[in-house]
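The values are calculated or read from the model by the stated rules, or taken from the named source; none is laboratory data. Remember, it's a predicted structure, so these values are computed and weren't measured experimentally. Methodologically, a virtual Cβ is constructed for each residue, glycine included, from the backbone with ideal geometry; neighbour enumeration extends over all protein chains shown.
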Amino acid sequence: MFTGGPLSPPALFLRTVIILDRKDGKADVVNPVALQRFARRAQTMARVKGEVAVLITSRSKVQALNRRFRKKDKATDVLSFPSHGGGDIAICFEIARQNATWLGHSVTDEIKILVLHGMLHLAGYDHETDSGQMARAEARLRARLELPASLIQRSRDGAAVTSPSGRGSPVVRKKTLRSPGRKTP
């Protein structure tokens, strides 16, 4: 992402780029043009200025990013990388597909939920430290964008389910989630 210099776009210039890793049938499930249109709306509503790149990719690539930048060697649903004048969002397609199936909505809706969540992180929100500010913003924008339950709301409601691997670990990565039948300490 180029920022600074006499030829750089003004801070109010919004540009959203969707990068669709062409594996696992993503191209058959996700309409990149519609997703780009949605991402621009979410970017505007979240007040994220500048350029945003959204990468929809594999579990292994998201895990590698999480390991490299957060020192956590596991896949997650969405990662956000803020920068001056925008940022980048990485979404794990497999986790999005699993969550969509388990929660009864489309893969496209799940990816939109993850895009919105990532945009709010790029806007400076942090649900782990902000006393509910991000949750309120996400709920408000989710309603305006006509999306199913937000990530934060799902974690609060305990909507995680166990993975099909049978290992019993929740796919949704929120701290407050627990697998059905497991008690939280």
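Miscellaneous remarks
- Being at pLDDT below 95 and either among the polar types (S, T, N, Q) or in contact with a Phe, Trp or Tyr (Cβ under 9 Å, 6 or more places away or on another chain) (or both) holds for only one residue in Ala100, Ala143, Ala137, and it is Ala137.
- All positions within segment 105-151 that are under 24 Å from Pro32 (Cβ atoms) and assigned to a loop (DSSP other than H, G, I, E, B): His105, Ser106, Ala123, Leu145, Glu146, Leu147, Pro148, Ser150
- Extreme residue, farthest from the chain's Cα centre (by Cα), among residues of segment 63-96 that are assigned to a helix (DSSP H, G or I) and under 29 Å from Arg144 (Cα atoms): Glu94
- Flag if Lys49 is over 16 Å from the mean Cα position of the chain (by Cα), within 19 Å of Glu138 (Cα to Cα) and at pLDDT below 95: yes
- Per the conditions (1) touching a strand residue (DSSP E or B) at 6+ places or on another chain (Cβ under 6 Å); (2) buried (at least 16 other Cβ atoms within 10 Å of the Cβ), the sole criterion not satisfied by Arg40 is (2).
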